[in-house]
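Shown next, in structure tokens, is the structure this report addresses.
The values are calculated or read from the model by the stated rules, or taken from the named source; none is laboratory data. Just so you know, these numbers come straight off a predicted model, no measurement behind them. Note that we place each Cβ from the backbone using ideal geometry, even for glycine, and neighbour counts take in every protein chain shown.
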Amino acid sequence: MLSYQNTNIRHRISRRRASSSRRGVTLVEFAIVFPIVLTMLFSGIVCFGLVMIQNTLITAASEGGRRASLSHVMTDESVISAVEDRLRRGGLNPDAVSIEIDPATLGSLSAGDTVSVSVSMAMKDSFWPNFGGSLSEVNLRSKITYTRE
């Protein structure tokens, strides 16, 4: 009976050692995996921001191009105000965005002529956080060409 109790005690001690060893392995696994998961999370957030801003620029350029293609629109100010309005609704600051209309004067266009509206923005001027300066050199641009009615 004495030998049975010694075996039982030895078994309990070895189980405790295995349990603490397993906890150490779990901690090491967490230390390796957590930075990778965190990096993937922040990369996804940054990509989402780039896509969101690019989509807003495309929509704004499309709205300006549609407005410029109408035959009764004769001034650039109407096109620029349409683009700026769409940028505001998309959460972007119109002062940080460059808007170009080609040709520069809409009054000289006739039906069938093409008109282009280009909207561009540097990421450093956006509201989106610049993680470590990695986005400071990124410029987003959208150009839409329509045919005048």
Residue pairs meeting the criteria (Cβ under 6 Å; at least 6 apart or on separate chains; first without any contact (Cβ under 8 Å) to a residue 60 or more places away in the chain, in segment 57-73; second aliphatic (A, V, I, L, M) and outside any helix (DSSP H, G or I)): R67/V73
Looking at segment 83-92, can you tell me whether even one residue there is in contact (Cβ under 8 Å) with a residue 24 or more places away in the chain and among the small types (G, A, S)? yes
Does at least one position in segment 111-125 carry a residue that is modelled with pLDDT under 90, surrounded by fewer than 12 Cβ atoms within 10 Å (Cβ to Cβ) and out of contact with any strand residue (DSSP E or B) (no Cβ under 7 Å at 6 or more places or on another chain)? yes
Going through segment 61-93 in order, the residues found to be over 17 Å from I144 (Cα atoms) and touching a strand residue (DSSP E or B) at 6+ places or on another chain (Cβ under 8 Å) are L92
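Evaluate segment 14-35: report whether one residue or more is over 30 Å from I101 (Cα atoms), outside any helix (DSSP H, G or I), at pLDDT below 80 and not basic (K, R).
Of the residues in segment 14-35, the ones over 30 Å from I101 (Cα atoms) are 14-35.
Within this subset, residues satisfying the condition of being outside any helix (DSSP H, G or I) are none.
No: zero hits.
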Return the residues of segment 56-97 that are β-branched (V, I, T), part of a helix (DSSP H, G or I) and surrounded by fewer than 22 Cβ atoms within 10 Å (Cβ to Cβ); say none if nothing qualifies. I58, T59, I80
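When you look at A96, is it at pLDDT 85 or above, touching a strand residue (DSSP E or B) at 6+ places or on another chain (Cβ under 9 Å) and more than 30 Å from E149 (Cβ to Cβ), yes or no?
The answer is yes for A96.
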